[in-house]
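Following: one structure in structure tokens, then a few remarks.
The values are calculated or read from the model by the stated rules, or taken from the named source; none is laboratory data. As the structure is a prediction and not an experimental result, all values here were calculated from the model. Because the Cβ atoms are built from the backbone with ideal geometry, glycine has one as well, and the counts that use them run over all protein chains shown. Just so you know, the surface numbers come from the protein's heavy atoms only, side chains and all, with ligands and any DNA or RNA stripped out. Shrake-Rupley method; radii C 1.70, N 1.55, O 1.52, S 1.80 Å.
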Amino acid sequence: MESYLHVLHALMLRDMRTRFGGSHWGYAVVVLWPVVHVFLLVLIFVTRSVPAPIGDSRAIFFASGAVPVLAFQYIAREVMKAVLSNRPLTYYPQVKLFDVIFSRIIVEIVTGFLGLIVIFSILVLCGINPVPADPFTAMCGYIAAILLGIGVGTVNVSIIAFFPAWVIGFILFTVVIYTTSGVMFLPNFLPEQIYEFLKYNPAVQVIEWVRLGYYPDLPINVDYTYTLFFALSCLVIGLFLEKHLVRKMT
């Protein structure tokens, strides 16, 4: 166990030091990147005088949508990229492909929480109260977004083993997911047929889950079972393929 923890620690340090210039400032860029994304989105809508569909704060509305979907997308993408960038390390007998995946998941979860703390701090400095009306519901939604990212990320590892071009394909796919998941609008305001179709997208569910913590009176019904089942199913399928197909290929 001690040897395994040393391997994970080394992989995590390597991930943190080799991204964006190989310095501690480079890791700060990784943390601040989604923060800049959130507040740039807020700035665009503030300068255009676009009101929030619900509530009095544009920043809270857009952040409550962008943060969970970015957590899902960043984890799913970076787990996939970790295998590509760290595959030579698996030539060492102490390092397994699962270790590379697991270490990147830990790094991305820590990075996401650090980014969340920075966003909360900036909102407080701006005089905005970022604490949700129901903190437990909002935090559970955020954790569900992380779990969804882990599940989809492990499936991506298996896909790129057969189709390396999926790295670009997934980025394009996440753009579609981002624009249709309800970051900038409330899906429940759409016609019923369209809304029911969009709810098959688990990213819509996690955004609504988090927003329900901020707006308890929001007239939505989150399908918690579907969201968690989708995330856990992706995780199980991804780990099964990694063990029985990807590991044997490599």
- Query: Based on Cβ point charges of +1 for Lys and Arg and -1 for Asp and Glu, what charge dipole magnitude is obtained for the chain about its Cα centre, in debye rounded to the nearest 20?
  - Reply: 880 debye
- Task: Work out the count of Lys pairs in the chain where the Cα-Cα distance is under 21 Å, with the pair 8 or more places apart or on different chains.
- Result: 5
- Item | Computed label-point distance, nm, for sites residue 1 and residue 47 using a 7 Å Cα→Cβ extension | 5.4 nm
- Query: Can you put 45, 230 in order of accessible area, largest first, using a 1.4 Å probe?
  - Reply: 230, 45
- Query: Taking only protein heavy atoms and a 1.4 Å probe, what accessible area per residue, in Å², does the chain have with all protein chains in place?
  - Reply: 52 Å²
- Task: Pop a pseudo-label 7 angstrom from the Cα along the beta-carbon direction at both residue 190 and residue 113 and give the gap in nm to one decimal.
- Result: 3.4 nm
- Note on the structure: With all protein chains present, the chain has a carbon and sulfur share of its accessible area (1.4 Å probe) in percent of 73 percent
- Angle in degrees between helix 24-47 and the longest Cα principal axis of the chain, rounded to the nearest 10: 20 degrees
- Message: Suppose the chain between residue 166 and residue 221 were pulled fully straight at 0.36 nm per residue; how much longer would it get relative to their current alpha carbon spacing?
- Response: 16.5 nm
